[in-house]
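Student: Here it is, the structure in full.
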Amino acid sequence: MQIRSMHFKARAGAAAADRALQSKLATAKGLFVDGRRRAVADIDLEATREASRAIRNRAVENLDLWLERFEQEATRRGGQVLWARDGAEICRLVADIARRHGVKKAIKSKSMLSEEAGLNAALEAAGVQPVETDLGEYILQINDNEPPSHIIAPVIHKTKEEVADLFARVHGKPRKTEIGEMTREAREMLRTHFLSADMGISGGNFLVAETGSVALVTNEGNGRMVTTLPKVHVVITGVEKVVPTLEDLATLMRILPRSATGQSISNYFSVLTGVKRPEDTDGPEHLYFILVDNGRVDLLGGDFQDMLRCIRCAACMNHCPVYQTIGGHAYGWVYPGPMGSVLTPLFVGIENALDLPHAATMCNQCGVVCPVKIPLPELMRKLREQQVERRLRPWGERTALGLWAWLARHPSLYALVAKLGVRYLNWLAEGGDRIRVMGVAPSWTDGRDFPAPEGRTFRELYAKRPKT
Amino acid sequence: MQDSREDILSRIRRRLGRTAENATTGRAEIEACLGRREQGPRPAAEADRVARFCARSEALSSTVEEVARREDAPAAVARYIAAHDLPRAAVAWRQLVGLDWSGAGLQVAGRAANGDDLIGITGVFCAVAETGTLLVLSGPDTPATASLLPETHIALVPASRIVPGMEEAFTLIRAECGALPRAVNFISGPSRTGDIEQTLVLGAHGPYRVHIVLLRDC
């Protein structure tokens, strides 16, 4: 997928001014936040988060050994394990598999890695018709391959009227206005694809080392279709998605659906192992796993290893005041919200996504709800540090911080500047408690007011305290 | 060009500081972990498993009718079909075709479902009380399509096969099947989507309705 993260500021500004988007995001926020809060009430949340963190750490800390074990078990059951260093290699491997099996049409269940790789365009170039089957992803695909704006609710930015217009135009049927009718129309359109495709492509929520299985979590049933009906099934997942045992899956399945959609369990949870057995009447005859690096391996053993625990539930973006205000498109790549603000710079280059680690209020809502306890604000702060160390921050900001650092080492001068500063800010507030336009840095108050200081500086007040 | 597998694995080893010695300890650790099969924290199990299963199933928009014996199932299915004005023809798992369906006025074929079948009747491998979930395994006589392609899925669930949680379901598979079958599907209510305006719609790509016939004495 094309990277547009460097345009964050402009796109975030436009999104924040978009009233229609704001109302959609507000509705979604209510549903996701309340849904999660209700759903976690019947489990021991903190103990389950801690156990989930431990499971994911155990996998990551011996990742090479778990992957070897997974490969051995998956191969023993008739799967073929392939490895891809980057998106281009994913595309090449999938195109090769399609060619080998004479594939004309591939049905796809949601896969964010396929977005990372831009797989649909590569499939088309190889003469294979890719069909997205998750309702949200399908809507995006028929709308000229629009990018998703949320990792589990890809069309969160669209109203039902927009979808109704799109369906009427693309399907050539009478315009439906009721969401249930629109869903049925999409079901009917996609049913024929399900029954006629020769290849199914899915992501994988987890890989199980013990059994060489892939675990898939879906609600619509499209994941089951994609992995049951075509003769070839290709799983594309990151190398970090491995977990040790089926018991670990059971633990993670208590926290993933609750964190994601507020469900105690997702509709369908499938653990898929090997190819169709000789006596079976359904299931794929060929099973491929493509285990992908694409930037993940470089996070091992460094400041950002915690990020490899991520199970892609989207709780961090659902609870983020920045995401709730600007939606997902402004982030400019596959992953929005706090997890995207960390992953995008790490995957596409820190210099290509300079604003993302700053797209945070540091309120730590994301850290508090993360089911695997990733310290997201801390990771964003580390990315900011790296920007400073690599001199990637703008000249004005670097100079201002240098000046401040010098001043902070000269206490009496600092006191004087602070004193003048407070008087200046009070003057800007014109006796009120808010500053509408910040004189020296007007862009600070473009979308908000700045609170005026209460009165004197701390040091002035401290000097005047009653002596005992 | 270096082989991708070797390239990725050797970079992982390097970044993890892998040496011959710590590989030996690491392997011992993963064997121990696989041997322990440690469970995570679990919600307190309710004493009445069957009641919990039924209540959770209904919360997930499935419907439940309780009968005493397997032989009572065809009449219960016929009642459900009549009440919902559904066609009187269905596909079923082969192990179920021996029941007296025609006596209940239904035509039931024992085969995998295709895109035109409107009702699929299945059994279960087991069911999970904690979440109100049906567990079906793929196999020659238990095609995965029967619970997926038709608009209505009807499942016969013996009360004795309701286990407390997913952990016990996996233990039961290991005990009774040895290795995992190709597909282990946990089904929790009719298929659904909330993609358009986060409004919940039942019946996305899979069934619109899931009806459970609970076999109390089985």
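The values are calculated or read from the model by the stated rules, or taken from the named source; none is laboratory data. Note that the structure is predicted; figures quoted are calculated from it, not measured. Cβ: placed from backbone, ideal geometry, glycine included. Neighbour counts: every protein chain shown. With ligands, DNA and RNA removed, areas are computed over all heavy atoms of the protein, side chains included. Shrake-Rupley method; radii C 1.70, N 1.55, O 1.52, S 1.80 Å.
Student: Of all helices (runs of 4 or more DSSP H) completely enclosed by region A:116-233, which ones contain at least 1 residues that are surrounded by fewer than 22 Cβ atoms within 10 Å (Cβ to Cβ) and more than 9 Å from every other protein chain (Cβ to nearest Cβ)?
Tutor: Values: elements: A:119-125, A:135-142, A:160-171, A:179-196, A:222-228.
Ranges flagged: A:119-125, A:135-142, A:160-171, A:179-196.
Student: State the number of residues belonging to region B:38-71 that are in a loop (DSSP other than H, G, I, E, B), hydrophobic (A, V, I, L, M, F, W, C) and out of contact with any Gly (no Cβ under 8 Å at 6 or more places or on another chain).
Tutor: 3
Student: Would you check which residues across region A:66-85 are at the interface with chain B (Cβ under 8 Å from one of its Cβ atoms), assigned to a helix (DSSP H, G or I) and open to solvent by less than 10 Å² (accessible area, probe 1.4 Å) and list them?
Tutor: Correct list: A:Trp66, A:Leu67.
Student: So, one more: Being among the β-branched types (Val, Ile, Thr), in contact (Cβ under 8 Å) with a residue 60 or more places away in the chain and facing chain B (nearest Cβ under 7 Å) narrows it down to one of A:Val271, A:Val292, so name that one.
Tutor: Details: A:Val292 fails: facing chain B (nearest Cβ under 7 Å).
The conditions single out A:Val271.
Student: A follow-up question, please. State yes or no: is B:Arg94 in the same structural domain as B:Ile187 (by TED's automatic domain parsing), modelled with pLDDT under 95, open to solvent by 10 Å² or more (accessible area, probe 1.4 Å) and out of contact with any helix residue (DSSP H, G or I) (no Cβ under 6 Å at 6 or more places or on another chain)?
Tutor: Against the criterion (in the same structural domain as B:Ile187 (by TED's automatic domain parsing), modelled with pLDDT under 95, open to solvent by 10 Å² or more (accessible area, probe 1.4 Å) and out of contact with any helix residue (DSSP H, G or I) (no Cβ under 6 Å at 6 or more places or on another chain)), B:Arg94 qualifies.
Student: Does region A:297-308 contain any residue that is farther than 21 Å from A:Val242 by Cβ and within 14 Å of chain B (Cβ to nearest Cβ)?
Tutor: Yes: one or more hits.
Student: Of the residues that make up region B:107-121, is at least one surrounded by fewer than 23 Cβ atoms within 10 Å (Cβ to Cβ), away from chain A (no Cβ under 14 Å) and within 28 Å of A:Glu285 (Cα to Cα)?
Tutor: no
Student: Here are some conditions: (1) assigned to a loop (DSSP other than H, G, I, E, B); (2) open to solvent by 80 Å² or more (accessible area, probe 1.4 Å). B:Glu29 meets all but one. Which one does it not meet?
Tutor: It fails just one condition, (1).
Student: Then there is this: Among (1) out of contact with any strand residue (DSSP E or B) (no Cβ under 8 Å at 6 or more places or on another chain); (2) open to solvent by less than 50 Å² (accessible area, probe 1.4 Å); (3) at pLDDT 95 or above, there is one condition A:Leu93 misses while meeting the rest; what is its number?
Tutor: In the conditions (1) out of contact with any strand residue (DSSP E or B) (no Cβ under 8 Å at 6 or more places or on another chain); (2) open to solvent by less than 50 Å² (accessible area, probe 1.4 Å); (3) at pLDDT 95 or above, A:Leu93 misses (1) alone.
Student: Collect the residues in region B:156-201 that are charged (D, E, K, R) and farther than 16 Å from B:Ile212 by Cβ, keeping them in residue-number order.
Tutor: Within region B:156-201, B:Glu167, B:Glu168, B:Arg174, B:Glu176, B:Arg182, B:Arg192, B:Asp195, B:Glu197 qualify.
Student: A:Pro278 passes all but one of (1) on the phi > 0 side of the Ramachandran plot; (2) within 10 Å of another protein chain (Cβ to nearest Cβ); which number fails?
Tutor: It is condition (1) that A:Pro278 fails.
Student: Which one of A:Arg312, A:Arg258 is open to solvent by less than 20 Å² (accessible area, probe 1.4 Å), in contact (Cβ under 8 Å) with a residue 24 or more places away in the chain and not small (Gly, Ala, Ser)? Please lay out each step first, then the result.
Tutor: Working: A:Arg312 fails: open to solvent by less than 20 Å² (accessible area, probe 1.4 Å).
Going through A:Arg312, A:Arg258 in turn, just one is open to solvent by less than 20 Å² (accessible area, probe 1.4 Å), in contact (Cβ under 8 Å) with a residue 24 or more places away in the chain and not small (Gly, Ala, Ser): A:Arg258.
Student: Where the second residue is of a type in the set (Asp, Glu) and the first is within 7 Å of chain A (Cβ to nearest Cβ) and lies in region B:187-212, which pairs have Cβ atoms under 6 Å and are six or more apart or on separate chains?
Tutor: Filtered contacts from region B:187-212: B:Ser191/A:Glu220; B:Thr193/A:Glu220; B:Ala204/A:Glu220; B:His205/A:Glu220.
Student: What is the residue count in region A:35-65 for residues that are within 23 Å of the chain's Cα centre (by Cα), more than 14 Å from A:Val208 (Cα to Cα) and either hydrophobic (A, V, I, L, M, F, W, C) or open to solvent by less than 40 Å² (accessible area, probe 1.4 Å) (or both)?
Tutor: Taking region A:35-65 as the starting set, the residues that turn out to be within 23 Å of the chain's Cα centre (by Cα) are A:35-40, A:45-46, A:48-61, A:63.
Narrowing the set further to residues that are more than 14 Å from A:Val208 (Cα to Cα) leaves A:35-40, A:45-46, A:48-54, A:57, A:61.
Adding the requirement that they be either hydrophobic (A, V, I, L, M, F, W, C) or open to solvent by less than 40 Å² (accessible area, probe 1.4 Å) (or both) leaves A:35-36, A:39-40, A:45, A:48-49, A:51-52, A:54, A:57.
Number of matching residues: 11.
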